[in-house]
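A short write-up of the structure that comes next.
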There are 2 protein chains.
Amino acid sequence: MTGELAFIAALRALATDPAARGLDDDAAVLEIGGESLVLTHDMMVCGVHFLPGQDPADVAWKLVATNMSDLAAKGAVPIGVLLGYQLSAGTERFLAGLGEALAHYGAPLLGGDTVGGAGPQTLGLTALGRATHRPVPTRSGARPGDTVWVTGAVGGAMIGLEALRADPAADPATTLRYRRPQARLAEGRVLAPQVSAMMDLSDGLLLDALRLARASRVTVTLESGAVPLDCPEPRRAEALRWGDDYELLFTLPAGCPCPVPATRIGTVQDGAPGRLLVDGIDQGEAAGLGFVHR
Amino acid sequence: MTGELAFIAALRALATDPAARGLDDDAAVLEIGGESLVLTHDMMVCGVHFLPGQDPADVAWKLVATNMSDLAAKGAVPIGVLLGYQLSAGTERFLAGLGEALAHYGAPLLGGDTVGGAGPQTLGLTALGRATHRPVPTRSGARPGDTVWVTGAVGGAMIGLEALRADPAADPATTLRYRRPQARLAEGRVLAPQVSAMMDLSDGLLLDALRLARASRVTVTLESGAVPLDCPEPRRAEALRWGDDYELLFTLPAGCPCPVPATRIGTVQDGAPGRLLVDGIDQGEAAGLGFVHR
């Protein structure tokens, strides 16, 4: 992890454009021709981000949805995608899922690259979107007194992955939230003009909330019992640390009503910068709070 | 190869945006806010596109340069890049080369993603550029009577790769053209208003010339002896089929003087569409003409 963080810090130092914040945010924002272009790139590796035996159609869907979720966190409308595809068995199914996802999100395939290679399949997707509200939401705008909210529920992807690991032919309804995550694009657009900070949940609610607290240099306090679950209650602690939910986590100024269906799960306080309190207990550093990409 | 072509054809069918041509062209062109944005995505896999023991700084340079070469073929000025980095040994060297390349090409790092994974390292780069001339050059505009040109010389990357394979500590000057390809951005910008068609050489002069002939639905005739070499004369036939040269191949309307240092190597004829003649001999299909990504 240290190596990764050092690498990311070094990459950030290379980012000479002051508007660049993709490496520690959901997406980069580029001002071009009077528009705010939102750019994101996500990679997925077989055995890390998806199961070796998984239906390639679901893999393609998830590849698209994770990038769309980054656009959602910026309140952006999809423009299109570029695909990096490492050739592998299951191309027909991959194409089927890719077509479904791109049609669902209204994002045409603009271009890309195909490569060979013998290792675990690696995929990349770059998504472009057009911001609908400026300033474009960031993770860094939460202020003391703000309320903290989350769309939907968490834990569904965890249940789905467990079911799929146990049985590749598991009930599709049970595994749906892992296989076919839904990016909250519509909610993101409605929220963009209202939020003080916004991000999508990809690595676990607690870890992502800590990242928001750090980016905003505030203390975020959450009530764990308030978070809606899409899994049995005894799994609550794990569900708050599990990734792949792709809900939106956001803050609203005090007194601002929430314009989309969502749940209030905490508040922003004027405490030490970059701290996360859950049920009053300081969570310390990131260890154990969620999924760290390595 | 059939599978790959079918995949690409299917991917192209998915590209509902008529402006999209990235999968059979060097880059996609997107009209946004009155600007023509040029977008390209290239992947590189260890063991396919670079040697397992190669200096990661050279790998990073090449990853940037190949994408910059795609921008050059569109006469575009770099805006920035998004990096997909699979963590691996040699990160410090990778960063060093990345920083050199980005500074050289004036392309800031806008964002990206880092992932784990145990297989051969896979890297992706998305580059964005701003077109300097519209219409943006394509592969499909060559017309009978046009002259065919190439910048620089070919064969240098072949010699460099051979030397590096034989000895990882080979004379750096000998391996330079393989390790540190130079994208022809300046030439591309000067050429863009003049050319009828333009592309960069990534998979071998003959294969790329055939692609230009197909895209333009013309017959391209080349004189193999006219092509400048950066390798010994006995290797000419191989050099014309070798990839990684990243020169620009372009056509000019009859009588139009070439505005950059380049060599005339052939003509466009009113023959069968999508044919390539070399020294008068029809080259048939793509087999054996260059490097096909698998």
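Among the criteria (1) facing chain A (nearest Cβ under 8 Å); (2) farther than 29 Å from residue B:30 by Cβ; (3) buried (at least 23 other Cβ atoms within 10 Å of the Cβ), the one residue B:85 does not fulfil is (2). Confirm whether residue B:15 is over 25 Å from residue B:158 (Cβ atoms), modelled with pLDDT under 95, aliphatic (A, V, I, L, M) and open to solvent by 10 Å² or more (accessible area, probe 1.4 Å). Yes. On the stretch given as segment B:255-288, residues that are in contact (Cβ under 8 Å) with a residue 12 or more places away in the chain and under 20 Å from residue B:151 (Cβ atoms) total 14.
Okay, residues lined up against (1) within 25 Å of residue B:83 (Cβ to Cβ); (2) open to solvent by less than 10 Å² (accessible area, probe 1.4 Å); (3) within 11 Å of chain B (Cβ to nearest Cβ):
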{"position": "A:44", "(1), (2), (3)": "yes, yes, yes"}
{"position": "A:48", "(1), (2), (3)": "yes, no, yes"}
{"position": "A:60", "(1), (2), (3)": "yes, yes, yes"}
{"position": "A:75", "(1), (2), (3)": "yes, yes, no"}
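Of the residues A:135, A:108, A:120, which single one is more than 20 Å from residue B:81 (Cβ to Cβ), more than 7 Å from chain B (Cβ to nearest Cβ) and at pLDDT 90 or above?
Details: A:108 fails: more than 7 Å from chain B (Cβ to nearest Cβ); A:120 fails: more than 7 Å from chain B (Cβ to nearest Cβ).
None of the other options fit; the residue is A:135.
May I ask you to verify whether residue A:182 is among the polar types (S, T, N, Q), open to solvent by 60 Å² or more (accessible area, probe 1.4 Å), modelled with pLDDT of 95 or more and over 18 Å from the mean Cα position of the chain (by Cα)? Talk me through it step by step, then tell me what you get.
Values: among the polar types (S, T, N, Q): yes; open to solvent by 60 Å² or more (accessible area, probe 1.4 Å): yes; modelled with pLDDT of 95 or more: yes; over 18 Å from the mean Cα position of the chain (by Cα): no.
Taking the combined requirement at face value, the residue does not satisfy it.
Test of understanding: among A:137, A:120, which residue is outside the structural domain of residue A:199 (by TED's automatic domain parsing), open to solvent by 20 Å² or more (accessible area, probe 1.4 Å) and not β-branched (Val, Ile, Thr)? Please lay out each step first, then the result.
Values: A:137 fails: open to solvent by 20 Å² or more (accessible area, probe 1.4 Å).
Among A:137, A:120, only A:120 is outside the structural domain of residue A:199 (by TED's automatic domain parsing), open to solvent by 20 Å² or more (accessible area, probe 1.4 Å) and not β-branched (Val, Ile, Thr).
Elements of the type strands (runs of 3 or more DSSP E) sitting completely within segment B:188-286 and holding at least 2 residues that are among the hydroxyl-bearing types (Ser, Thr, Tyr): these cover B:219-222, B:263-269.
Counting only residues that are away from every other protein chain (no Cβ under 13 Å) and open to solvent by less than 30 Å² (accessible area, probe 1.4 Å), segment B:123-132 holds 0 of them.
Residue by residue, here is whether (1) assigned to a loop (DSSP other than H, G, I, E, B); (2) closer than 22 Å to residue B:198 by Cα; (3) among the polar types (S, T, N, Q) holds:
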| residue | (1), (2), (3) |
| --- | --- |
| B:69 | no, yes, yes |
| B:74 | yes, yes, no |
| B:83 | no, no, no |
| B:113 | no, no, no |
| B:117 | yes, no, no |
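Of the set (1) under 21 Å from residue A:194 (Cβ atoms); (2) open to solvent by 70 Å² or more (accessible area, probe 1.4 Å), all apply to residue A:270 but (1).
The values are calculated or read from the model by the stated rules, or taken from the named source; none is laboratory data. Just so it is clear, the model here is predicted, and its values are computed rather than measured. Every residue, glycine among them, receives a Cβ derived from its backbone with ideal geometry; neighbour counts consider all protein chains shown. Ligands, DNA and RNA are stripped out before the accessible areas are found, and what is left, the full protein with its side chains, is counted by its heavy atoms. Shrake-Rupley method; radii C 1.70, N 1.55, O 1.52, S 1.80 Å.
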